[in-house]
Amino acid sequence: MNESGGIVELLRSAKPLIFENTEAEWRYSIKGTCFMARFGFRYFAITAKHCLRNWAHASVRVRLNPGTLEFLPVKALILPKDDGEDFSDLAFFEIEPGLLPPAVLRSTHFLDLTHHDERCLSREEILAVVGYPSERNSVDYDKFVINTEGYSVDGRYDGRLRSSIVPQYASTTWPGLKI
């Protein structure tokens, strides 16, 4: 995969995390980001577990295409055991592939993680993060439209972080990531 192809795939896989509310007047809320991934023949929307706080898990809605209210069918929620480590702050919503057209399953919306363990980061490799901050997204209830605005930031990998303590407000250049 070339450098720009990987970033384009990442951008396509990031989606806003939408919740369906019980109030008819305020039907949807946006809180956080998820990304779409494929592992073998299983499909997932993956987000940070903390994005689900104070929300009913059954209210999560994920859409592939902006401007539509067509949501993916969620089959199950998988929550790793929380042991206080950052990497366990994950939630996996498994998508029901049998209810989707084959073209959707083959689409570039899903990052293919099937062979992720065969890949290593090399120095100076470009890393990118994509997100949909809640403050920049809204629902226009008069037009019944969900407005989303994503952001991305990238940097170059400079090796493992040399400190286990990351400052609350990191500068634009710190060991482990150059922005």
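The values are calculated or read from the model by the stated rules, or taken from the named source; none is laboratory data. Treat the numbers as computed from the prediction; the structure is a model and nothing was measured. Using ideal geometry, Cβ is built from the backbone for each residue, glycine included, and neighbour counts are taken over all protein chains shown.
Taking the condition out of contact with any strand residue (DSSP E or B) (no Cβ under 8 Å at 6 or more places or on another chain) and modelled with pLDDT under 80, does Thr173 pass? Yes, satisfied. For Lys75, state whether it is among the basic types (Lys, Arg) and either touching a Lys or Arg at 6+ places or on another chain (Cβ under 7 Å) or in contact (Cβ under 8 Å) with a residue 40 or more places away in the chain (or both). So Lys75 does not fit the description; no.
Does segment 19-72 hold any residues that are more than 20 Å from Arg136 (Cα to Cα) and within 12 Å of the chain's Cα centre (by Cα), and which are they? Once the filter is applied, which keeps residues that are more than 20 Å from Arg136 (Cα to Cα) and within 12 Å of the chain's Cα centre (by Cα), segment 19-72 yields Met36, Ala37, Phe44, Ala45, Ile46, Lys49. All conditions in (1) in contact with an Asp or Glu (Cβ under 7 Å, 6 or more places away or on another chain); (2) modelled with pLDDT under 90; (3) not acidic (Asp, Glu) hold for Arg12, with the sole exception of (1). Taking segment 22-58 as the range and being aliphatic (A, V, I, L, M) and closer than 21 Å to Val130 by Cβ as the test, the residues that pass are Ile30, Met36, Ala37, Ala45, Ile46, Ala48, Leu52. Whenever a residue of segment 120-147 is closer than 19 Å to Asn21 by Cα, its partners that are of a type in the set (Lys, Arg) and surrounded by 13 or more Cβ atoms within 10 Å (Cβ to Cβ), lying with C-beta atoms within less than 7 angstrom and at least six residues away or across chains, give the pairs Ser134/Lys31.
Every condition in (1) crowded, with 16+ Cβ neighbours inside 10 Å; (2) modelled with pLDDT under 80 is met by Val129 except one, and the failing one is (1). Checked against the criteria, Glu135 counts as of a type outside the set (Gly, Ala, Ser) and assigned to a helix (DSSP H, G or I).
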